[in-house]
Amino acid sequence: MLIGKGFNKKCEQILKRAAEITDYQPGHNISVEELNEDLGFGRREIKYYFEYMNDQKLIELTTIGGPFLYGHISITLKGIAKIKALQKKENNS
């Protein structure tokens, strides 16, 4: 799958929101409904982002079920490091 800039930006939005919800602590279950409340992604769309980020070890898919196929995710240490690096890069620009 060819991943474009728009796809990556949306993954970054998800990671940022997940990090904020958990106060940048890995391993906590995050409700997908709560996570997507402000983001507004569709069911199929967010599923693709989650599966890509899970393959990249940025998040873990912790429960299934609910309106978004996955009920909960958790952000990993790698995901926290990724979002912190992106934020540092933005701050230095």
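The values are calculated or read from the model by the stated rules, or taken from the named source; none is laboratory data. Because the structure is a prediction, the values reported are computed rather than measured. Side chains included, ligands, DNA and RNA excluded: accessible areas come from the protein's heavy atoms. Shrake-Rupley method; radii C 1.70, N 1.55, O 1.52, S 1.80 Å.
Observations on the model:
- Too-long pairs where the Cα-Cα distance tops 21 Å, listed order kept, from Lys5/Lys57; Lys47/Lys89; Lys16/Lys88: Lys47/Lys89
- Accessible area per residue for the chain is 63 Å², calculated with a 1.4 Å probe on protein heavy atoms, without ligands, DNA or RNA.
- Ellipticity at 222 nm from helices only: DSSP H runs of n ≥ 4 in the chain, each -39500 (n - 2.57), divided by the residue count, give -18500 deg cm²/dmol.
- Atom-type composition of the exposed protein surface of the stretch 28-93 places 48 percent of the accessible area on carbon and sulfur (1.4 angstrom probe).
- Binned Cα-Cα distance frequencies in the chain - 5 Å width, integer %: 3, 14, 27, 28, 18, 8, 2, 1, 0
- The stretch 74-79 - phi-based ³J(HN,Hα) in whole Hz, Karplus 6.51/-1.76/1.60, Gly and Pro as x: 9, 8, 8, 4, 5, x
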